[in-house]
1. Return only the number of the condition from (1) more than 13 Å from the chain's Cα centre (by Cα); (2) surrounded by 12 or more Cβ atoms within 10 Å (Cβ to Cβ) that residue 99 does not satisfy.
2. Can you name the residue in the range 35-62 that is part of a helix (DSSP H, G or I) and among the polar types (S, T, N, Q) and, of all such residues, is surrounded by the most Cβ atoms within 10 Å (Cβ to Cβ)?
3. For the structure I just gave you, tell me whether residue 38 is small (Gly, Ala, Ser) and modelled with pLDDT under 95.
4. Answer yes or no as to whether residue 69 is small (Gly, Ala, Ser), under 26 Å from residue 83 (Cβ atoms) and in contact (Cβ under 8 Å) with a residue 24 or more places away in the chain.
5. I'm trying to understand the selection: among the residues of the range 63-96, which are at pLDDT 80 or above, surrounded by 12 or more Cβ atoms within 10 Å (Cβ to Cβ) and aliphatic (A, V, I, L, M)?
Amino acid sequence: VSVRENIAYGMPACQQPDVEAAAKLANCHDFITKLPQGYETVLGQNGASLSGGQKQRVAIARALIRDPAVLLLDEATSALDNESEAIVQAALDELLASGGRTTLVIAHRLS
């Protein structure tokens with residue numbers, strides 16, 4: 001499964017710009033573009049070639065692309081460094097401010 005397919009999972013009709021927009025919100029676009037084939041890079045079993053933080057950011061992008069009415073984030077940024085967490089948190093805050101969605105955030109660390 002490629003990075004693009006992983007993010008688009010559950011919403012196969014989405015287009016590349018949608019995938020990239022979700023990846024940018026989740027702060028994973030930059031590292032994805034540095035992969036050998038970018039968004040077409042095959043990740044392997046359970047994303048074995050990605051770090052824990054990279055996996056979390058791809059999972060967040062996968063959740064965001066669906067634009068769900070209810071979003072449940074359970075320790076969504078626990079494997080991220082402080083800088084990445086701040087970027088992802090700012091994007092999530094922006095989404096929360098836009099309204100139209102119920103979001104539950106479960107976290108031990110509130111930054």
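The values are calculated or read from the model by the stated rules, or taken from the named source; none is laboratory data. In this text, all values refer to a predicted model and were calculated from it rather than measured experimentally. Note that we place each Cβ from the backbone using ideal geometry, even for glycine, and neighbour counts take in every protein chain shown.
1. The failed condition is (2).
2. Looking at residues that are part of a helix (DSSP H, G or I) and among the polar types (S, T, N, Q), I get 56.
3. no
4. It is false that residue 69 is small (Gly, Ala, Ser), under 26 Å from residue 83 (Cβ atoms) and in contact (Cβ under 8 Å) with a residue 24 or more places away in the chain.
5. Across the range 63-96, the qualifying residues are 63, 64, 65, 71, 72, 73, 86.
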